[in-house]
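Reading through the structure tokens given below for one structure.
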Amino acid sequence: MKKFNVGIVGATGMVGQRFMSILENHPWFDVKVLAASARSAGKTYTEAVGSKWAMTTPIPASMANMIIMDADADIEKIGELVDFVFCAVNLDKDATKALEERYAKAEIPVVSNNSANRHTPDVPMVVPEINADHIKIIDAQRKRLGTKRGFIAVKSNCSLQSYVPALYPLDKDYGVEDVLVCTYQAISGAGKTFDTWPEMVDNVIPYIGGEEEKSEKEPLKLWGKIEGDVIVDAEKPHFTAQCLRVPASDGHMAAVFVRFANKPSKEQILDAWKNYAGRAQELELPSAPKQFLHYFEEDNYPQTKLHRNLENGMAISCGRLREDTQYDYKFVCLSHNTLRGAAGGAVLLAELLCAEGYMD
Ligand SMILES: NC(=O)c1ccc[n+]([C@@H]2O[C@H](COP(=O)([O-])OP(=O)(O)OC[C@H]3O[C@@H](n4cnc5c(N)ncnc54)[C@H](OP(=O)(O)O)[C@@H]3O)[C@@H](O)[C@H]2O)c1
């Protein structure tokens with residue numbers, strides 16, 4: 001695979017920092033541009049990020065002294081330096097949409113962590129193990145935008161990347177009908193640490209703005225189908241969600257209750273999880289976990305602190321599968337919210353797009 005030059009838009013943020021750490025030694029991608037708001041532009045990365053650096057590893061040496069570009073004013077210049085950008089900015093929805101479209105129209109593909117374009121019908125929202133085929137909609141999107149190379153592709157919200165991976169492999173044979181899910185979400189999902197959010201120490205907050213709607217609605221796009229020039233959402237499974245913020249630094253846990261059209265045995269579920277591999281594994285993408293879904297037999301596993309980093313934070317951990325009194329089964333699952341759920345998931349999506357020829 002040839003090397004691709006990439007930019008990180010929103011590099012000073014929590015997800016941007018994760019991108020930098022993951023991409024430091026990436027076999028296919030070289031970081032050539034770091035961009036953020038006009039407040040940071042013109043400063044070295046180290047100067048701009050200051051005490052906001054929240055990773056446990058130091059700022060990558062190759063990027064520490066890069067001069068930050070203005071994500072908005074420097075688009076043309078950025079286009080001369082990169083093959084595509086990753087984008088994770090904290091702008092409102094309309095401003096984010098407009099910014100991402102400006103990149104795409106400047107013929108710079110955008111792989112986005114933002115939610116603004118997740119429901120744009122010709123923007124693929126992809127978990128590469130689940131709906132890799134949705135990237136074919138990019139041809140229709142390019143037609144709409146009037147571009148040859150430029151397009152936007154997004155990853156889904158971090159909360160659902162714990163439970164959708166566990167449910168999807170069961171749908172084909174057993175028909176997933178109804179899902180009730182409670183998520184226990186880490187504070188990095190709000191772009192925070194315990195230093196910047198001391199109120200979260202020894203606390204639980206039963207509300208995360210907009211999260212329950214995303215957790216119920218976004219899976220239907222992942223389950224959806226391309227029809228003509230759009231992706232049409234699936235009508236099933238039916239999801240209901242409650243999302244809680246808990247005092248964990250990283251890692252979203254989900255407690256799931258599920259009802260099937262044809263109830264499988266416990267062994268059939270475990271088999272389906274063990275044997276499931278998606279397009280990311282078929283293509284042996286560099287960031288793809290070897291085993292997508294890991295099942296733990298121990299009653300007190302998976303645990304956020306012990307298992308969130310499994311396979312570089314890209315695998316999903318499942319456990320406690322048992323029959324339920326009201327639904328067919330219940331179980332728990334866990335994923336790393338800023339790796340699989342954010343920057344790592346976007347890097348995996350970019351790898352898929354490169355391998356399938358969309359970044360040429
Ligand atoms: N944290 C997570 O786990 C997570 C997971 C999935 C998705 N996301 C999504 O990823 C995005 C970023 O989240 P985050 O937690 O990384 O946010 P964050 O820590 O607040 O960082 C936001 C970034 O956006 C930049 N920015 C702000 N205003 C800008 C502007 N006008 N033009 C260009 N850049 C601007 C900031 O630059 P300055 O430093 O110069 O202000 C900073 O680099 C959000 O859409 C969020 O919903 C986050």
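Figures for the structure shown
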{"item": "Residue list for the range 95-113, restricted to those being away from the ligand (no atom under 12 Å from the Cβ) and either more than 18 Å from Ile138 (Cβ to Cβ) or not in a strand (DSSP E or B) (or both)", "result": "Glu101, Ala104, Lys105, Ala106, Glu107, Ile108, Pro109"}
{"item": "Residues within the range 192-206 that are of a type outside the set (A, V, I, L, M, F, W, C), exposed (fewer than 13 other Cβ atoms within 10 Å of the Cβ) and assigned to a loop (DSSP other than H, G, I, E, B), tallied", "result": "4"}
{"item": "Given (1) out of contact with any strand residue (DSSP E or B) (no Cβ under 7 Å at 6 or more places or on another chain); (2) within 13 Å of the ligand (Cβ to nearest atom), number of the condition Ser62 does not satisfy", "result": "(2)"}
{"item": "Residues of the range 65-91 satisfying the condition of being touching a strand residue (DSSP E or B) at 6+ places or on another chain (Cβ under 8 Å) and more than 15 Å from the ligand (Cβ to nearest atom)", "result": "Asn65, Leu81, Val82, Asp83, Phe84"}
{"item": "Test: residue in the range 33-49 that is more than 12 Å from the ligand (Cβ to nearest atom), assigned to a loop (DSSP other than H, G, I, E, B) and within 30 Å of Glu311 (Cα to Cα)", "result": "no"}
{"item": "Yes/no for Glu356 being surrounded by fewer than 23 Cβ atoms within 10 Å (Cβ to Cβ) and within 28 Å of Arg149 (Cβ to Cβ)", "result": "yes"}
{"item": "Residue under evaluation Ala346, criteria (1) in contact with a helix residue (DSSP H, G or I) (Cβ under 7 Å, 6 or more places away or on another chain); (2) within 16 Å of the ligand (Cβ to nearest atom), criterion not met", "result": "(1)"}
{"item": "Hey, Val110 more than 19 Å from His252 (Cβ to Cβ) and within 19 Å of the chain's Cα centre (by Cα) or not", "result": "yes"}
{"item": "Tally, over the range 94-111, of residues that are surrounded by fewer than 18 Cβ atoms within 10 Å (Cβ to Cβ), among the aliphatic types (A, V, I, L, M) and farther than 14 Å from Ile78 by Cα", "result": "2"}
{"item": "Matching option when the condition is out of contact with any His (no Cβ under 7 Å at 6 or more places or on another chain) and more than 21 Å from Gly191 (Cα to Cα), among Val49, Val33", "result": "Val33"}
{"item": "Filtered residues of the range 254-312 (kept if surrounded by 18 or more Cβ atoms within 10 Å (Cβ to Cβ) and at positive phi)", "result": "Glu311"}
{"item": "The range 327-346, residues that are within 9 Å of the chain's Cα centre (by Cα) and farther than 17 Å from Ser317 by Cα", "result": "Ala343, Ala346"}
{"item": "Residues satisfying the stated conditions in the range 229-253, i.e. of a type in the set (A, V, I, L, M) and surrounded by fewer than 15 Cβ atoms within 10 Å (Cβ to Cβ)", "result": "Val232, Ala234"}
{"item": "All strands (runs of 3 or more DSSP E) inside the range 236-318 with 2 or more residues being small (Gly, Ala, Ser) and touching a strand residue (DSSP E or B) at 6+ places or on another chain (Cβ under 8 Å)", "result": "252-260"}
{"item": "Residues within the range 207-227 that are among the hydroxyl-bearing types (Ser, Thr, Tyr), in contact with a helix residue (DSSP H, G or I) (Cβ under 9 Å, 6 or more places away or on another chain) and not in a helix (DSSP H, G or I), tallied", "result": "0"}
{"item": "Top-ranked residue of the range 150-170 - restricted to ones that are more than 10 Å from the ligand (Cβ to nearest atom) and of a type in the set (Gly, Ala, Ser), ranked as nearest to Lys105 (Cα to Cα)", "result": "Gly150"}
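Laboratory data are not the source of any read-out in this text; all were calculated from the coordinates shown. This structure is a prediction, so every number in the text was calculated from the model and none was measured. Backbone-built Cβ (ideal geometry, glycine too); neighbour counts: all protein chains shown.
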